[in-house]
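Here it is, the structure, as structure tokens.
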Amino acid sequence: VLDHVDAVGVHGFPLDWNLWQIQEWPQKIGEISTVTDLPVWVSEVGVSSFGAEEVQLWGLRRSAELLLGNASRVQWYSLYDLPREWGATTRHREAEGSSYYRHFYMGLLREDGTPKPALEEFLRYLPGMGLVQWFHFEDPRLDDAVAWMKRLGVTNLRTGLSWADSFRPNALDWYDRQMEALADFDVTITFCFTPEHRGVMPHHTSPPLVPEEFAEFCATMTRRYAPAMAASPVRAVRASAA
């Protein structure tokens, strides 16, 4: 697999979900670097304000100290808190207890769009630190998110295009609107979310029933939004492995 990708992406949330401590970040990156010369991207790192916003502030500062300079790319999750009424896309939802509810407090902005203390701290690490922000289908926050990121000086962003959404009416219109709005950023796309009717199991995390269908979705999106990369004879698509 490593012969066909440009970077190795890792995710880490040691203050919320991982069974290791935050100061182990350099060790984790070092372990990957011993088996590949590819750049290591921390393509998703964050700290929730579930317990206290001061915890998120400290966690952002400590993460930046440990990661900037040790990883080729660092992307903070996320800009916005997830609205509670939307629900978090996890395997077991409320049965996960407090682990589930932390998903709603990962943003630098609260659900109502007001800044948390960590937002001002985040400014210290630009442009070296990017953002992760997922947009739901026809997400009403898209334009405000773009305005915030431009105002902050964010230059690189990781987001997703949902395979499941491709079966909705007007899916291409939404993809086009999202990608046009993000055109001024260096965007890393994650192709995600299996449609329930096209999975081995009816679940968004399921392997595809027909792998070629997912591959065709990825290829179609790459041709549509990164045509120069799709036509290149060299490796073009960046892969992220959680």
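The values are calculated or read from the model by the stated rules, or taken from the named source; none is laboratory data. All values derive from a computational prediction rather than experimental measurement. Positions of Cβ are backbone-derived with ideal geometry, glycine not excepted, and every protein chain shown enters the neighbour counts.
If you take just the strands (runs of 3 or more DSSP E) that sit entirely in the stretch 104-198, which of them hold at least 2 residues that are among the hydroxyl-bearing types (S, T, Y) and surrounded by fewer than 18 Cβ atoms within 10 Å (Cβ to Cβ)?
none
I'd like the full set of residues that are among the small types (G, A, S) and either farther than 14 Å from V187 by Cα or modelled with pLDDT under 95 (or both), limited to the stretch 146-169.
Of everything in the stretch 146-169, those that are among the small types (G, A, S) and either farther than 14 Å from V187 by Cα or modelled with pLDDT under 95 (or both) turn out to be A147, G153, S162, A164, S166.
Scan the stretch 117-168 for residues that are in contact (Cβ under 8 Å) with a residue 60 or more places away in the chain and among the small types (G, A, S) and jot them down.
Result: A118, G128, A145.
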